[in-house]
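Below: one structure, written as structure tokens.
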Amino acid sequence: MIESAVGSAQTRASLFAASATHGTCIDGRILTFSSMEVLVFVEQVLRDVPAYALRLKGQRLLELSRQLFRLEQVDTLAMRNARGRDEAEVRLEYRIGLTRGWPDGLELPGQPTHMAYGNPIRGQTLTRARSQVLEAEASEVFYERLVAHDYWVDYLKERYPDEFLALERDAARRHETVEDEYADREPGSDTEQRYNAAIIQLEVERGTARAQLLLTLSRKEVQAAGAAEAAHPRPESPQPGPSTRQ
């Protein structure tokens, strides 16, 4: 973590901001440290991936996105079930309990193995929570979160340049058509109002087309990753053992 902070001003600023959250209780400090480790994990995920290895880059970013999505969903479930209890404590109960045991062998990033108060969830509570997270991951919610990440959009543009070039060319062609249609518009005229409305409509349609392209390409990437996982499954991750970190 210290190495990452020294090497990146952006990471350093993010770590300082994260360190000011979750209060001063023991479990709050553990949760704060966990949040800082997640930030470092995100910063390092592509560190050893060569620039030319686009397929590997996509795999790493998709795995990262799954991990972050699961962590977000786990926190949401914890907050929903806090019922007046200390939120940091409940979030740790869910995070530690659900760190491992996922079908694809991924783990929630940056999680501790110990908490001062309470116990990690287990039994039916754990099973039900994991099922709810995986159900959300199989829904459109996951794709909506996925395309909201700048790193994922940048990857898709790098991986599928022709598709994005075609999108931009179509948008430019349609814009040119509107310009030609209203070439004789006068300031303040009805024609100018119709021109402005047409431009706004073009922007809406361009945004819709871009969003649809991002979703289509994301589903393609997820399907390809699923096929690769089926051909080369990961070894199951070990279950949490005795606490080694406080």
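The values are calculated or read from the model by the stated rules, or taken from the named source; none is laboratory data. All values derive from a computational prediction rather than experimental measurement. Cβ placement follows ideal geometry from the backbone for every residue including glycine, while neighbour counts extend to all protein chains displayed.
So which of Arg173, Arg145 ends up being closer than 28 Å to Leu92 by Cβ, part of a helix (DSSP H, G or I) and not assigned by the TED database to the domain that holds Gly101?
Arg145
Taking the conditions exactly as written (modelled with pLDDT under 95, closer than 30 Å to Pro120 by Cα and assigned to a helix (DSSP H, G or I)), does Glu229 satisfy them or not?
Yes.
Against the condition out of contact with any His (no Cβ under 6 Å at 6 or more places or on another chain), among the acidic types (Asp, Glu), modelled with pLDDT of 95 or more and not in a loop (DSSP other than H, G, I, E, B), how does Glu205 come out, does it pass?
Yes.
So Pro187 clears everything in (1) in contact with a Phe, Trp or Tyr (Cβ under 6 Å, 6 or more places away or on another chain); (2) not in a helix (DSSP H, G or I) except one condition, right? Which one?
Tallying (1) in contact with a Phe, Trp or Tyr (Cβ under 6 Å, 6 or more places away or on another chain); (2) not in a helix (DSSP H, G or I), Pro187 fails exactly one: (1).
Which residue pairs have Cβ atoms under 7 Å apart, sit 6 or more places apart or on different chains, and have a first residue in the stretch 206-220 that is free of Cβ contacts under 8 Å to residues at least 40 places away in the same chain and a second that is exposed (fewer than 12 other Cβ atoms within 10 Å of the Cβ)?
none
Need pairs with beta-carbon distance below 7 Å; first residue surrounded by 10 or more Cβ atoms within 10 Å (Cβ to Cβ) and within the stretch 46-60, second of a type in the set (A, V, I, L, M) and outside any helix (DSSP H, G or I); sequence gap 6+ or separate chains.
Short answer, once both residue conditions are applied: Leu56/Val49; Lys57/Leu46; Lys57/Val49; Arg60/Val45; Arg60/Leu46; Arg60/Val49.
Only one of (1) in a helix (DSSP H, G or I); (2) buried (at least 17 other Cβ atoms within 10 Å of the Cβ) is not met by Thr76, so which one is it?
It is condition (2) that Thr76 fails.
Scan (1) crowded, with 16+ Cβ neighbours inside 10 Å; (2) at pLDDT 95 or above; (3) small (Gly, Ala, Ser) for the single condition Gly110 breaks and write down its number.
Going through the list (1) crowded, with 16+ Cβ neighbours inside 10 Å; (2) at pLDDT 95 or above; (3) small (Gly, Ala, Ser), Gly110 breaks only (2).
Regarding Gln111, is this residue in contact with a Lys or Arg (Cβ under 7 Å, 6 or more places away or on another chain) and outside the structural domain of Ala209 (by the TED database)?
Judged against the criteria, Gln111 is a match.
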